[in-house]
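Q: The following block contains the structure, expressed as structure tokens.
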Amino acid sequence: MFRIRRIYDLVIPANEEAVSQVQDILRTQFKGVSENDINKLPEQLRNPMKYRFRSILFVADDSKGQVKGFALLSHEPVLNFCYLDFMSTTEYGMGRGIGGAIYQRVREEALSFKSIGLFFECLPDDPALCRDPQTLKRNAARLRFYERYGARPLADTAYETPVKPGDDCPPYLVYDNLGQNVELRLKNARVIVRAILERKYGDVCPRDYTDRVIDSFKDDPVRIRAPRYVKKEQKIPVSVSVPLDKRIALVVTDQHSIHHVHERGYVESPARISSILKELERTDLFFKCTPRHFSEKYIRAVHASDFVEYFKRVCDNIKPGEAVYPYVFPIRNISRPPKLLPIRAGYYCIDTFTPISSNAYRAAKRAVDCAMTAAERILAGHRLAYALVRPPGHHAERRSFGGFCYFNSAAIAAQYLSHHGKVAILDLDYHHGNGQQYIFYQRSDVFTISIHGHPNFTYPYFSGFRDERGEGSGKGFNLNIPLGLNVDGEQYRKVLDGVLHRLKRFHPRFVIVALGVDTARGDPTGTWELRARDFEANGRLIGALHLPTLVVQEGGYNNRVLGTNVRSFLSGLWAGSYSG
């Protein structure tokens, strides 16, 4: 099994390793490519327009990260065409469908740019141009492969003229119209060919040679060679659906409904998940990933062991269908917590309305598994991932729970990702993200940001003030933006835009969005006025950071609009991430 994915940057180790393997394939399969050209590949990805084309790299790799094939595509946005520099599989990948899958993905990308077409060079299948019979046979096999897709050489031009008279095997220029059934106009062809020869081969193609090739283009539209190997009607169409590697990895908690407290006014209900899923299924932006089981050590890396042990034990001692609410808070002598486990709840809780049920630990642990699975997908090279979890987590601190939150899934995922680079947590819930703030309050490698209702009138009341900026080495790496009672979409967007400028100066490798949509108009726990179009616009702003982004679901309790608002945010995030 293999997957095709685009390498956007070298932010994650999996991408760095993939690029290194691609360089090895180039050395092995393309003997004529200089070491200098091979070594510049990472820079082409870091600074895509440095070489006058936007460089796009696709790899086919397996579950162990072994690259079985690749394609390097150049996009010229002004002249509006794509050029395929290299495409190859390893010996292992030959005959396994990898080459076809990569080429289809290249075509999909070129079509997404609304390109005139896809151009590339292919060595000739004409004995007059290629003297070696074995080479001629291989060339014919390649041209047969591409002809299945409707890609054929340009005809009646001097493109395949050797730069040095007498040289063998000068390449054809092959054109794939990407199934658009449009003809290649002479005017476009001339400027495109000049761009290819001058930008790609300017060091080997003299000016008079380039001019001679350009002048040989006479026909309008430019003629394409007739099919030699495949019937015309057998062309393989380009898919118009969202490619798998561009979709958002969706990890849904599969045990959330076991924690269901049947209390009037308890808004954190299982219906929240189904409301969101129903809307997500209306788009083709997602692919589902099965949540993995993770060791409890990842939870203990963020939460105090005594709290984790207590939470597990108290849940085991509660009868099914019953719930324990904290009502005794031993702040006068915290060194002597109550002996009875139900009474001890107030020792670890910050409020009186967050119940513990017999299944609360299992549900919260599975939410962590989902967030960790989504974080793994990010490390494996996916650009975007969404952990649709319940119960939420952003109010859970190192050794306390509250606000319907037990384990801080976003913080646990951030801790995991922080081993691979700096992380920014952007909390967009109506209520302050006190959990992340205090967990990372003394650290400079995780930047915690929260936009929320002012604690003078909004839960949790004791945190979220502007002057809480971090301590010790973490000073300056916690940012609170408390807002007033009445905030509309435009006001929120201006605040978010300013926050994102501050986030960019941190230069994180990863962004985690703690997504609360209780900022929506009509939410029973909030007072703000954001609508679906506002969530979509906010998602676009965050996506435009072009950083690997993990979204973890937090609040949002108006089930009539909950799914629509989440879908709108994630659609905007996707559009922003893949723009430009």
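Here, each number is a calculation from the coordinates, and none is a lab measurement. Only a predicted model underlies this, so the values are computations on that prediction, with no experimental measurement involved. For neighbour counting, all protein chains shown are included, and Cβ atoms are generated from backbone atoms with ideal geometry for every residue, glycine included.
Q: By DSSP, what percent of the beta bridges with both residues in the chain are antiparallel, rounded to the nearest 5?
A: Details: 33 of 70 bridges.
DSSP beta bridges in the chain are roughly 45 percent antiparallel.
Q: Mind checking the full-extension length gain between ARG131 and ARG399? Use 0.36 nm per residue of separation minus the Cα-Cα distance, one decimal, nm.
A: On the way: separation 268, 0.36 × 268 = 96.48 nm, distance 7.61 nm.
My answer for the length gained is 88.9 nm.
Q: Sticking with this one: Using 7 Å Cα-to-Cβ label points, what is the LEU186/ASN559 separation (nm, one decimal)?
A: Result for the modelled spin labels: 6.8 nm.
Q: Same structure again: What dipole magnitude, in Debye to the nearest 20, does the range 3-234 give about its Cα centre under +1 on Lys/Arg Cβ and -1 on Asp/Glu Cβ?
A: Rounded to the nearest 20 debye, it is 500 debye.
Q: Now, a different point. What is the distance, in nm, between label points placed 7 Å from the Cα along the Cα-to-Cβ direction at LYS40 and at GLU198?
A: The modelled label-to-label distance comes out at 1.7 nm.
Q: LYS339 to LYS422: FRET efficiency via 1/(1 + (r/R0)^6), r the Cβ-Cβ distance, R0 45 Å, to the nearest 0.05? Let's see the in-between values first.
A: Numbers: r = 43 Å, r/R0 = 0.96.
Computed FRET efficiency for LYS339 and LYS422: 0.55.
Q: Additional query: Counting other C-beta atoms within 10 Å, which of HIS419, HIS75, HIS259, HIS546 has the fewest, and how do the rest follow?
A: On the way: HIS419 9, HIS75 21, HIS259 27, HIS546 15.
Final ranking by Cβ density, sparse to dense: HIS419, HIS546, HIS75, HIS259.
Q: To check you understand DSSP bridge types, tell me what percent of the beta bridges within the range 3-234 (both residues inside) are antiparallel, rounded to 5. Provide the component values of the computation, followed by the final result.
A: Details: 29 of 31 bridges.
Bridges in the range 3-234 are about 95 percent antiparallel.
Q: Note down the relative contact order for the range 10-93 as a percent, whole number, built from C-alpha pairs under 8 angstrom at least six residues apart. Intermediate values should be presented prior to the final figure.
A: Values: 110 pairs, mean separation 19.2, N = 84.
About 23 percent, as a whole number.
Q: How much length is gained if the chain between SER216 and PHE329 is pulled fully straight, taking 0.36 nm per residue apart and subtracting their Cα-Cα distance, in nm to one decimal?
A: Numbers: separation 113, 0.36 × 113 = 40.68 nm, distance 8.74 nm.
Working it through step by step, the gained length comes to 31.9 nm.
Q: Something else: Between 0 and 90 degrees, rounded to the nearest ten: what's the tilt of helix 562-577 against the longest Cα principal axis of the chain?
A: The answer is roughly 40 degrees.
Q: Cut-off is 10 Å between beta-carbons; in what order do CYS349, CYS370, CYS82, CYS122 appear when sorted fewest neighbours first? Walk me through the numbers on the way to the answer.
A: Details: CYS349 22, CYS370 31, CYS82 26, CYS122 19.
Ordered by Cβ neighbours within 10 Å, fewest first: CYS122, CYS349, CYS82, CYS370.
Q: Related question: Less than 15 Å Cβ to Cβ from PRO326, Lys/Arg counted +1 and Asp/Glu -1: what total charge do the surrounding residues give?
A: Working: positive: ARG344, ARG399; negative: GLU263, GLU322, ASP351, GLU397.
That sum, taken over residues with Cβ under 15 Å, equals -2.
Q: Let me ask something else. With each run of n ≥ 4 DSSP H residues scored as -39500 (n - 2.57), what mean residue ellipticity at 222 nm is computed for the chain after dividing by its residue count and rounding to the nearest 500 deg cm²/dmol?
A: Details: 17 runs with 188 residues, N = 580.
Rounded to the nearest 500, it is -10000 deg cm²/dmol.
Q: Can you give the direction-averaged projected area of the convex hull of the alpha-carbon atoms in the range 209-276, in nm²? Please list the in-between numbers first.
A: Working: hull surface 48.1 nm².
For the range 209-276, the mean projected area of the Cα convex hull comes to 12.0 nm².
Q: Moving on. Straight-line reach from LYS297: which lysines fall under 25 Å, measuring Cα to Cα and dropping same-chain residues less than 8 apart?
A: Output for LYS297: LYS64, LYS312, LYS365, LYS422.
Q: Next question. What's the extension gain from GLU309 to ARG225 if we count 0.36 nm per residue and subtract their Cα-Cα distance? Spell out each step's value before the answer.
A: Working: separation 84, 0.36 × 84 = 30.24 nm, distance 7.28 nm.
Result: 23.0 nm gained on full extension.
Q: Which of rounded, prolate or oblate describes the range 442-580 when judged by the alpha-carbon gyration tensor and an a/c cut-off of 1.5? Present the calculation step by step, with values, prior to reporting the outcome.
A: Details: a/c = 1.92, a/b = 1.12, b/c = 1.72.
Because a/c hits 1.5 or more and a/b fails to exceed b/c, the range 442-580 counts as oblate.
Q: Determine the shape class of the range 431-506: with a ≥ b ≥ c the square roots of the Cα gyration tensor eigenvalues, call it rounded for a/c under 1.5, and otherwise prolate if a/b is greater than b/c, oblate otherwise. Walk me through the intermediate numbers first.
A: Working: a/c = 2.69, a/b = 1.29, b/c = 2.09.
Judged from the Cα gyration tensor, the range 431-506 comes out oblate (a/c at least 1.5, b/c at or above a/b).
Q: What value in Å³ per residue do you get for the convex hull of the alpha-carbon atoms in the chain? Display every interim value, and only then the final one.
A: Details: hull volume 95.5 nm³, N = 580.
Per residue, the Cα convex hull of the chain comes to 165 Å³.
Q: Okay, next question. Which shape class applies to the range 3-234: rounded if a/c is under 1.5, otherwise prolate when a/b exceeds b/c and oblate if not, where a ≥ b ≥ c are the square roots of the Cα gyration tensor eigenvalues? Numbers along the way, then the final one.
A: On the way: a/c = 1.45, a/b = 1.36, b/c = 1.07.
Since a/c stays below 1.5, the shape of the range 3-234 is classed as rounded.
Q: To continue, here is another question. Tell me, GLU397, GLU268 in order of fewest to most beta-carbon neighbours within 10 Å?
A: Values: GLU397 26, GLU268 21.
Result, fewest neighbours first: GLU268, GLU397.
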